[in-house]
Amino acid sequence: MLRNIITYTSTFFAIFTFSATSAFSGGDEWKAKMIADALTAAPPAVTNDATIYAWNSKGQMLLLRSGAGSYVCLASGFMSTRIGKTPLPYPDPMCLDQNAWKFMRHFLSQKNPMKPSEPYPTEPGLCWMLAGMAVAGGMLDIGSGMKFEVTVAKSGAKIVRMTPHLMILPFPVNEKTAGMPTKYDTDHPGASWIMAAKSPIEHVMMHFSEQEVSAMMNAN
């Protein structure tokens, strides 16, 4: 069986592992659970023919399903299992088009994503996260001890579920004229904002209500 190994270490050095089996995982039940999780990230028009990966307990990314479509979906664990953290209480699967996937692969190959050894790709892509994501302590942990503030949680909650959203990345914005905040505000969960402003991974977050997500997931 043809295998190319993708291994993401805690320092973000990536050796890509593409495995069609559930090796290092919990077997067929785990595989089915991860695929079902990944499918909640985007509408069927995106996921039906998408290639799907998941993170195992060692932080390795495993191929669960090959797809003929252009999208790549990752099961939950990007902000937890991938970096050796305990899974957060809310799922965070994502589906990326080819531009966003190219950007993400570059991100994962960097020892320090905020100071990349080579410039990131610049063509904007789409990353669907219609299941939302969890943020602990208002900080987004991207591994290797690197965190940055992303939420304004006035409720005082230790873990916030960020509402369903679509990321346009990379997408640098003129923060002074954009009229958009640079943090997610739990009092205004549907507002668009700029994540990682003035950094190499700056991108725009566009949020949706649960009703809007239901309409997209169950389109005629």
Q) Can you pull out the residues in segment 124-141 that are surrounded by fewer than 21 Cβ atoms within 10 Å (Cβ to Cβ) and either under 15 Å from Met195 (Cα atoms) or at pLDDT 90 or above (or both)? A) Pro124, Gly125, Leu126, Ala134, Gly138, Met139, Leu140, Asp141
Q) Applying the selection to segment 145-175, what residues are closer than 24 Å to Pro116 by Cβ, more than 17 Å from the chain's Cα centre (by Cα) and at pLDDT below 70? A) Gly145
Q. Looking at (1) part of a strand (DSSP E or B); (2) surrounded by fewer than 21 Cβ atoms within 10 Å (Cβ to Cβ); (3) among the aliphatic types (A, V, I, L, M), which is the only condition Ala68 fails?
A. (1)
Q.
So if I check each of Thr86, Thr47, which one is of a type in the set (S, T, N, Q) and modelled with pLDDT of 80 or more?
A. Thr47
Q. How many residues does segment 107-122 hold that are free of Cβ contacts under 8 Å to residues at least 60 places away in the same chain and surrounded by 12 or more Cβ atoms within 10 Å (Cβ to Cβ)?
A. 1
Q: Please tell me if Leu39 is modelled with pLDDT of 50 or more and hydrophobic (A, V, I, L, M, F, W, C).
A: yes
Q.
Among the residues that make up segment 1-8, is at least one of them in a strand (DSSP E or B), modelled with pLDDT under 90 and among the hydrophobic types (A, V, I, L, M, F, W, C)?
A. yes
Q) Taking the stated definitions as given, is Thr182 modelled with pLDDT under 95 and not in a loop (DSSP other than H, G, I, E, B)? A) no
**Q.** Answer from Pro91, Pro87 - the residue that is of a type outside the set (A, V, I, L, M, F, W, C), more than 23 Å from Val173 (Cβ to Cβ), without any contact (Cβ under 8 Å) to a residue 24 or more places away in the chain and not in a strand (DSSP E or B)
**A.** Pro87
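The values are calculated or read from the model by the stated rules, or taken from the named source; none is laboratory data. Please read these numbers as outputs of a predicted model, since none were measured by experiment. Please note: Cβ atoms are built from the backbone with ideal geometry, for glycine as well, and neighbour counts cover all protein chains shown.
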